[in-house]
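Asks: Can you read through this structure? Questions will come right after.
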Amino acid sequence: MSTLIKNGTVVNADRTWKADVLIEGEHIKAVGDGLSGDSTVDAEGCFVFPGGIDPHTHLSMPFMGTTTADDWESGTRAALSGGTTMVVDFCIPGNGQPLLDAWAEWEKKSETAYADYAYHMCITYWNDQVRADMGKVVEKGVTTFKHFMAYKGALMVNDEEMFASFQRCAELGAMPLVHAENGDLVAALQQKLLKDGITGPEGHAYSRPPSVEGEAANRAIMIADAAGCPVYIVHVSSIEAHEAVARARANGQRVYGEPLVQHLTLDDSEYANPDWDHAAQRVMSPPFRNKKHQDDLWNGLRAGSLQVVATDHCAFTTEQKRFGMGDFTKIPNGTGGLEDRLSVLWTKGVETGRLTMNEFVAATSANIARILNLYPRKGVIQQGAEADLVVWDPKAGKTISAKTQQSAIDYNVFEGMKVSATPRYTFSRGECVWQDGKLTGQRGRGRFVPRSPFPADAQALRTFKALTADRAVAR
Ligand code: URP
Ligand code: ZN
Ligand code: ZN
Ligand code: ZN
């Protein structure tokens, strides 16, 4: 059974051209002219992109005394509706829980997925067992390990633990990810603010200033340099953290930076909203920043010092957010965005001239696939790649509203935003799973996508040891 996507304009990260796309089974059979298929899909007036990949989601995640409201069903449905065909979610071991048990829990939870998925494994404590299990996790196809420098008393790891884990990553050809905020400073600032009588959601933003993020980003990057591994900084929200990433890259380190679509488009004035619910619904870490930081993140995406755009989709209902009434430190941290990422980035990025279409595809798909070692299975429209693609209608605008969303929560942080484009069709491994505003794929059809270690990095490490000795002398 083959399908021909006809009359569209194909957009990859490196070029844009008029071509038809022939899908056979789960793969792309050919891209070009004069092709024919058993059935035809009309892409007249549309762009055809590689399916979006969201490298950062939290579906059914226990966190801050509750569990995120979007499970694998509603979460991946939301993804497909917005043109995202794959998510990378975080397995988070509970207190002292073995990594492989966390893995098994996530495997079970993700059985209902509509879209393909991979995992990152979180390192939330350290001992010899964790060290050994990291190797087993890599064998299962999970080659990225996340570290929280914040959430003191819960998920946070200290420098010693981070360094040990980073060295282990280097050994395995794996890559550490880092939530960069200085957890000690955040905890101290939270206590000070509460003591001063600041208990509302605005206190959340005050307790996590850019300096707290910049310090941690610099520290993580230096620790990665000492350990001889690459590092990926999640949710880069500030000039300070972006500078750390850009500087390290200029110095020859393999450092990647991931801004979120929320930080690019929503600012800290949201926390001044007198409606407690409105402000609390926007509480996430790091918090939204001012326009200066936003401009800087857009600049980074254009210049290449920031490579990918994620959502950190971590959705809580208003009722869940209200756990923090009277004490902002208890408001569950996180916002949604999975279904809106492409439309919002297109409207605020491509439509405004901040990003080219190719840069848009790079940031939402191709760069993510490359950095996470999924390329060219995912992230590109070419012969042999999996047929994950979006037929993108630049004239099918809508107004974002919680009333029409797939996500299970009762609000949307982009509520009322007019976006200019949405998917006409979403294909996942050759199957049309979303069409004209309707889900057409089956629950549970999503598949785990194993990833290999990063052979180039493992190999580079051998020479790197000599190099480090040189650098130590040179500096
Ligand atoms: O506020 C956030 N970002 N919640 C999700 C967990 C995390 O820090 O990534
Ligand atoms: Zn985080
Ligand atoms: Zn996150
Ligand atoms: Zn395949």
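The values are calculated or read from the model by the stated rules, or taken from the named source; none is laboratory data. Please read these numbers as outputs of a predicted model, since none were measured by experiment. Cβ placement follows ideal geometry from the backbone for every residue including glycine, while neighbour counts extend to all protein chains displayed. Ligands, DNA and RNA are stripped out before the accessible areas are found, and what is left, the full protein with its side chains, is counted by its heavy atoms. Shrake-Rupley method; radii C 1.70, N 1.55, O 1.52, S 1.80 Å.
Asks: Considering only segment 131-138, I want to know if a residue exists there that is away from ligand 4 (no atom under 16 Å from the Cβ), in contact with a Phe, Trp or Tyr (Cβ under 9 Å, 6 or more places away or on another chain), at negative phi and not in a helix (DSSP H, G or I).
Replies: no
Asks: Within segment 97-117, which residues are open to solvent by 20 Å² or more (accessible area, probe 1.4 Å) and more than 15 Å from Met86 (Cα to Cα)?
Replies: Gln97, Pro98, Leu100, Asp101, Ala104, Glu105, Glu107, Lys108, Lys109
Asks: Assuming Pro376 fulfils every condition listed in (1) open to solvent by less than 20 Å² (accessible area, probe 1.4 Å); (2) part of a loop (DSSP other than H, G, I, E, B); (3) away from ligand 2 (no atom under 16 Å from the Cβ) apart from one, which condition is it?
Replies: That leaves (1) as the condition not met.
Asks: Considering each of Arg208, Arg247 in turn, give the residue that is more than 19 Å from the chain's Cα centre (by Cα), of a type in the set (Lys, Arg), more than 20 Å from Gly324 (Cβ to Cβ) and not in a strand (DSSP E or B).
Replies: Testing whether each residue is more than 19 Å from the chain's Cα centre (by Cα), of a type in the set (Lys, Arg), more than 20 Å from Gly324 (Cβ to Cβ) and not in a strand (DSSP E or B) leaves just Arg247.
Asks: Out of the residues in segment 118-139 that are in contact with a helix residue (DSSP H, G or I) (Cβ under 7 Å, 6 or more places away or on another chain) and open to solvent by 30 Å² or more (accessible area, probe 1.4 Å), which is nearest to Thr84 (Cα to Cα)?
Replies: Among residues in segment 118-139 that are in contact with a helix residue (DSSP H, G or I) (Cβ under 7 Å, 6 or more places away or on another chain) and open to solvent by 30 Å² or more (accessible area, probe 1.4 Å), the one nearest to Thr84 (Cα to Cα) is Lys136.
Asks: Of all residues in segment 174-205, which are open to solvent by less than 20 Å² (accessible area, probe 1.4 Å), closer than 22 Å to Phe163 by Cα and in a helix (DSSP H, G or I)?
Replies: Result: Gly183, Val186.
Asks: Here is a follow-up. Looking only at segment 140-164, which residues are buried (at least 20 other Cβ atoms within 10 Å of the Cβ) and within 16 Å of ligand 2 (Cβ to nearest atom)? Talk me through it step by step, then tell me what you get.
Replies: Of the residues in segment 140-164, the ones buried (at least 20 other Cβ atoms within 10 Å of the Cβ) are 142-150, 155-157, 162.
Correct list: Thr144, Phe145, Lys146, His147, Phe148, Met149, Ala150, Leu155, Met156, Val157, Met162.
Asks: Let me ask something else. How many of the residues making up segment 50-96 are within 16 Å of ligand 4 (Cβ to nearest atom) and either open to solvent by 20 Å² or more (accessible area, probe 1.4 Å) or small (Gly, Ala, Ser) (or both)? Steps first, please.
Replies: To start, the set of residues in segment 50-96 that are within 16 Å of ligand 4 (Cβ to nearest atom) comprises 50-51, 53, 85-86.
Filter once more, keeping what is either open to solvent by 20 Å² or more (accessible area, probe 1.4 Å) or small (Gly, Ala, Ser) (or both): 51.
Residues flagged as within 16 Å of ligand 4 (Cβ to nearest atom) and either open to solvent by 20 Å² or more (accessible area, probe 1.4 Å) or small (Gly, Ala, Ser) (or both) within segment 50-96 amount to 1.
Asks: Still on this structure, please answer the following. Where in segment 257-369 are the helices (runs of 4 or more DSSP H), entirely inside, with at least 1 residues that are within 26 Å of Thr426 (Cα to Cα), within 16 Å of ligand 3 (Cβ to nearest atom) and open to solvent by less than 10 Å² (accessible area, probe 1.4 Å)?
Replies: Fully inside segment 257-369 and qualifying: 261-265, 341-345.
Asks: When segment 391-412 is examined, which residues are found to be open to solvent by 10 Å² or more (accessible area, probe 1.4 Å), among the hydrophobic types (A, V, I, L, M, F, W, C) and part of a loop (DSSP other than H, G, I, E, B)?
Replies: Answer for segment 391-412, where residues must be open to solvent by 10 Å² or more (accessible area, probe 1.4 Å), among the hydrophobic types (A, V, I, L, M, F, W, C) and part of a loop (DSSP other than H, G, I, E, B): Ala396, Ala408, Ile409.
Asks: Counting only residues that are touching a residue at least 40 places away in the same chain (Cβ under 8 Å) and surrounded by 16 or more Cβ atoms within 10 Å (Cβ to Cβ), which one in segment 28-45 is nearest to ligand 3 (Cβ to nearest atom)?
Replies: Ile28
Asks: Is there any pair with a first residue in segment 195-209 that is hydrophobic (A, V, I, L, M, F, W, C) and a second that is open to solvent by less than 50 Å² (accessible area, probe 1.4 Å) and assigned to a loop (DSSP other than H, G, I, E, B) whose Cβ atoms are under 7 Å apart and which are 6 or more apart or on different chains, and what are they?
Replies: Partner pairs satisfying both residue conditions: Ala205/Pro287.
Asks: Among the residues of segment 231-252, which ones are open to solvent by 10 Å² or more (accessible area, probe 1.4 Å) and either of a type in the set (A, V, I, L, M, F, W, C) or in contact with a strand residue (DSSP E or B) (Cβ under 8 Å, 6 or more places away or on another chain) (or both)?
Replies: Ile239, His242, Ala246, Arg249, Ala250
Asks: Right, next: So, Gln191, is that one more than 16 Å from ligand 3 (Cβ to nearest atom), among the polar types (S, T, N, Q) and over 18 Å from Ile221 (Cβ atoms) or not?
Replies: Against the criterion (more than 16 Å from ligand 3 (Cβ to nearest atom), among the polar types (S, T, N, Q) and over 18 Å from Ile221 (Cβ atoms)), Gln191 qualifies.
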